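S.K.: Questions regarding the structure given below will be posed in turn.
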Amino acid sequence: MSTESNILFGIYCPPHPHPLLAPDLNQGYRNLRSAYDTLKTRIEESGADIILLYSTTWPSIVGHQIQAHPEPEWTHVDDDFHFLGSMPYKFKIDSEFSNAYKEAAENRGLHSRTVAYEGFPIDTGSIVALSLLNPDNKIPACIVSSNMYSNRSETIVLGKAARDALAKQGKKAVIVVVASLSNRMFTEHIEPSEDRIHSPKDDEWNRKILEFFDNGRLEDLSQLSRDIHGQIRIQKVAAYKPVWWMAATMGQHNNYNGEILAYEALHGSGGAVIQLTPSDESIGDKEFDEDDVEYYRGDRNVLGQGAL
Amino acid sequence: MEKGRIVLGCLAPHPPHLVYAENPEQNEPFSEGGWETLRWGYNRLARKLKNIDYDVMVIFTPHWATYIGTHFLGLPSFNSLSVDPIFPNIFRYKYDLRVDVELAEAMEKSAADAGIITKMMRNPDFRIDYGTITSCHMLNPEWNKPIITISSNRNSHYYSGEVMNEQSSALGEACLKAIEESGKKVVLVSSNSLSHRHFVTESPLPEDMSREHIYNHSQYVWDMKIVGMMRDGKMREVIDIMPEYAEQTIAETEAGGLTWMMAAMGFPKYPAEIYGYQSVIGTGNAIVAWDPNSATREIVL
């Protein structure tokens, strides 16, 4: 396993298209857009070789899919927010890294494959993030999916494989995690001016999570992931995985400088733009009892061992 | 004007593997076949449809998942390339389809009048989901009838399976009202599998049938229970146990399509026509039809 971090900094940002398509419908959307714009400049000045993006709005089933088309191009429309407009895109993908990431994932026991097809439907979250953070394709990118069945072990190993691939290629990366905090949206159409976090409970949890991010406590958040999933996540997938991947990719500790650039409602969900930068300082070193994992060994065939 | 009516209801699963295995000219990848039990069942149901007089196919798809209400396609035509985000290696399909916007708007209005949150989808760049394309292609490969796609509002995720049943039933009743007022003859399509746990790996040759089987036995037992109840004409009971079934088998019925269709058809008490059951990458898939016309209703399998 690689011990040196090739991560310059990490970004956590929301998937919904309002900051890209309609930032002026609401001051909150504008604040999110400004935060993206700030990070765009910081990425440009960072000296990064690659932007590596994990998107919760790209679900996969057959293992972990990694975008490898060198110049994917299409015009995307969101399933819910189609009335906000279309999202034409053309990205520059580091195919060499995509293949290296796939290989690194397989070396750690994961099933993985690259996708490089004309017209492949890149997801809303990836398009929003790359369009705002890297609008001129100055830095090549790579996008990895979120397997809908995977849980903690698999996701952590997927993150460690990203570290392996970056180390092997000697590339400096900015990593981007695309995910909401609380993800419960309003189930009716609302006036943008009336947007707010869906409930005080969701808002309170979001603010507690933001406190952890602000203090650089990424590994603590990773250990709290199951609680977060139970409290403020719609149960669409097996678990709340983005902070597992983020911690495993950036380093499983609390030695980060955190900065909350914006926290706003996006149709009721919690949208935050956050930067985490590796540092030498640590806050809240805690010990947890969930084992770390280096290699994924697959399902344990629990069903097959019981008497049915 | 004669009252409109539903002339057939179809449970039409949409694994893209079936289109891939058929090798139609619209789909780029080439296969050596596979999943014949389902494909031959679909072929037979498609032949039955050729002998049924209908104006439009209305399809409810889980792969247009919406969280803010139920959405309806609202432009007269769409043509583009559909690439499956999960199985892009086997499904890259060029489609060119027509939409019955008049009936879509009537169903949307009827649903809104019933208190259901709705939205017409009028963005010309919108890409049609592969669930719609697979089910419609297998039922009508000529694409010579207009369609209407209805999105799947994910009440199961936001609330519960019971709420999904309530809201999908209300949507089905609202759609029936619009259909009756339209004077049109309509085929309803619920595009979904039964049990829906996938294998997370794929064989090098996807159509290698030596590798295909149901994910686990409990999924199979549940699926057979449901198919048996369909055969016995117990659709009210099937819908009643749907929340538990979906929880136990991750059934794709959780999207609401089957509930929507059964509510629109008045929860049939007559036997369903069973056209086939087979697993696709571990999921359980049944092709089933409900024919309200007792003169043409068959015992297929």
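Rule-based calculations on the coordinates, nothing more; no lab input. Worth saying up front: this structure is predicted, and the values here are computed from it rather than measured. Counting neighbours? That spans all protein chains shown, and the Cβs are built from the backbone with ideal geometry, glycine included.
S.K.: Beyond 26 Å between alpha-carbons counts as too far, so tell me which of B:Lys109/B:Lys185; A:Lys90/A:Lys208; A:Lys236/B:Lys119; B:Lys3/B:Lys48; A:Lys102/A:Lys172 fall in that bin.
M.R.: Numbers: B:Lys109/B:Lys185 19 Å; A:Lys90/A:Lys208 37 Å; A:Lys236/B:Lys119 22 Å; B:Lys3/B:Lys48 23 Å; A:Lys102/A:Lys172 18 Å.
Going by Cα-Cα distance, A:Lys90/A:Lys208 fall outside the 26 Å limit.
S.K.: Give the relative contact order (percent, whole number) for chain B; include only Cα pairs under 8 Å separated by 6+ residues.
M.R.: 29 percent
S.K.: Please identify the DSSP H helices in chain A that span no less than 24 Å along the helix axis (Cα) and have a mean Kyte-Doolittle hydropathy of -0.5 or more.
M.R.: Once both thresholds are applied, what remains is A:152-169.
S.K.: If you take the alpha carbon radius of gyration of the stretch A:7-305 and divide it by 2.2 N^0.38 Å, what ratio comes out, to two decimals?
M.R.: Numbers: Rg = 18.0 Å, N = 299, 2.2 N^0.38 = 19.2 Å.
So the Cα radius of gyration is 0.94 times the expected 2.2 N^0.38 Å.
S.K.: Sticking with this structure for a sec: Please give the average number of partner chain Cβ atoms lying within 10 Å of the Cβ of each residue in A:113-121, rounded to a whole number. The partial results should precede the final answer.
M.R.: Details: counts 4, 0, 4, 1, 9, 5, 9, 6, 9.
Mean shielding count: 5.
S.K.: Determine, from the Cβ-Cβ distance of A:Glu281 and A:Lys90 and an R0 of 60 Å, the FRET efficiency 1/(1 + (r/R0)^6), rounded to the nearest 0.05.
M.R.: The pair A:Glu281/A:Lys90 has a calculated efficiency of 0.90.
S.K.: Which of the helices in chain B meet the span-like rule: DSSP H, Cα axial reach of 30 Å or more, Kyte-Doolittle mean at least -0.5?
M.R.: Working: long enough: B:161-182 (31 Å, -0.25).
Helices meeting the span and hydropathy rule in chain B are B:161-182.
S.K.: Shifting gears a bit: What FRET efficiency comes out for B:Glu25 versus A:Asn107 if R0 is 35 angstrom and r is the Cβ-Cβ distance? Round to the nearest 0.05.
M.R.: For R0 = 35 Å, the calculated efficiency reads 0.30.
S.K.: Mind checking the mean number of beta-carbon atoms from other chains within 10 Å of the Cβ atoms in B:123-130?
M.R.: Working: counts 9, 3, 9, 7, 7, 0, 2, 1.
Averaged over the peptide's residues, the number is 5.
S.K.: Roughly what would the spin-label model give for B:Glu36 and B:Asp232, points 7 Å off Cα along C-beta, in nm?
M.R.: Inter-label distance under the simple model: 3.3 nm.
S.K.: Once you put a point 7 Å from the Cα of B:Glu181 and another 7 Å from the Cα of B:Tyr54, both along the Cβ direction, what distance in nm separates them?
M.R.: Here the modelled spin labels are 2.3 nm apart.
S.K.: I would also like to ask the following. Tell me what the protein assembly as shown gives for mean residue ellipticity at 222 nm when only DSSP H runs of n ≥ 4 count, each as -39,500 (n - 2.57), the sum divided by the residue total, rounded to 500 deg cm²/dmol. Before the final figure, lay out each step's value.
M.R.: Numbers: 20 runs with 213 residues, N = 609.
Helix contribution divided over all residues of the protein assembly as shown: -10500 deg cm²/dmol.
S.K.: Now, a different point. Over the Cα atoms, compute the radius of gyration (one decimal) and Dmax (the largest Cα-Cα distance, rounded to a whole number) for the protein assembly as shown, in Å.
M.R.: When restricted to Cα atoms, the protein assembly as shown yields Rg and Dmax of 24.1, 79 Å.
S.K.: Just to confirm the filter: which trypsin sites (Lys or Arg not before Pro) across the stretch A:98-143 are DSSP coil and have at most 14 other Cβ within 10 angstrom of their Cβ?
M.R.: Counting only loop positions with at most 14 other Cβ atoms within 10 Å, the trypsin sites (Lys or Arg not before Pro) in the stretch A:98-143 are A:Lys138.
S.K.: Go ahead and run the numbers for FRET between A:Ala116 and A:Asp227, Cβ-Cβ distance against an R0 of 41 Å, rounding to 0.05.
M.R.: So the FRET efficiency works out to roughly 0.60.
S.K.: Also, I was wondering about something else. What percent do you get for the relative contact order of the stretch A:7-305 when only Cα pairs under 8 Å and 6+ apart count?
M.R.: About 28 percent, as a whole number.
S.K.: In addition: Name the shape class, rounded, prolate or oblate, that the alpha-carbon gyration tensor gives for the stretch A:18-62, where a ≥ b ≥ c are the square roots of its eigenvalues, rounded holds for a/c under 1.5, and otherwise prolate holds if a/b is larger than b/c and oblate otherwise.
M.R.: Here the stretch A:18-62 falls in the oblate category.
S.K.: If you bin every alpha carbon distance in the stretch B:1-139 into 5 Å steps from zero, what whole percent lands in each bin?
M.R.: 2, 9, 17, 20, 20, 16, 10, 5, 1, 0
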